[in-house]
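For reference, the structure discussed in these notes is given below.
The values are calculated or read from the model by the stated rules, or taken from the named source; none is laboratory data. The structure presented is a predicted model; accordingly, all values stated were derived computationally and were not measured. Don't worry about glycine lacking a Cβ; one is built from the backbone with ideal geometry, like all the others, and counts go over all protein chains shown.
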Amino acid sequence: MGRVMATAAEYGHNSWELSIQVDQREGDEGMKFKLRVKGDLHIGGLMLKLVEKISESCK
């Protein structure tokens, strides 16, 4: 039985909405974000998107 591997380009065509909750340490209320991500996004890119969203919400 052959195994079919998806390429990075094929993953890039799919996207989904990722819900992220950031909790605060000192009892402050946490923040919730929704990010649209693609299959080719690496964890560093995801963290960058999240930092940008947090910065936007603090303005």
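Summed over segment 36-59, residues that are in contact with an Asp or Glu (Cβ under 9 Å, 6 or more places away or on another chain) and not charged (D, E, K, R) total 2. Listed by first and then second residue, the pairs with beta-carbon distance under 9 Å, at least 6 apart or on different chains, first residue in segment 12-23 and aromatic (Phe, Trp, Tyr) and in a strand (DSSP E or B), second at pLDDT below 90 and surrounded by 12 or more Cβ atoms within 10 Å (Cβ to Cβ), are Trp16/Val37; Trp16/Lys38; Trp16/Gly39.
Is it fair to say Leu41 is at pLDDT below 90, within 13 Å of the chain's Cα centre (by Cα) and either in a strand (DSSP E or B) or of a type outside the set (D, E, K, R) (or both)?
Values: at pLDDT below 90: yes; within 13 Å of the chain's Cα centre (by Cα): yes; either in a strand (DSSP E or B) or of a type outside the set (D, E, K, R) (or both): yes.
Against the criterion (at pLDDT below 90, within 13 Å of the chain's Cα centre (by Cα) and either in a strand (DSSP E or B) or of a type outside the set (D, E, K, R) (or both)), Leu41 qualifies.
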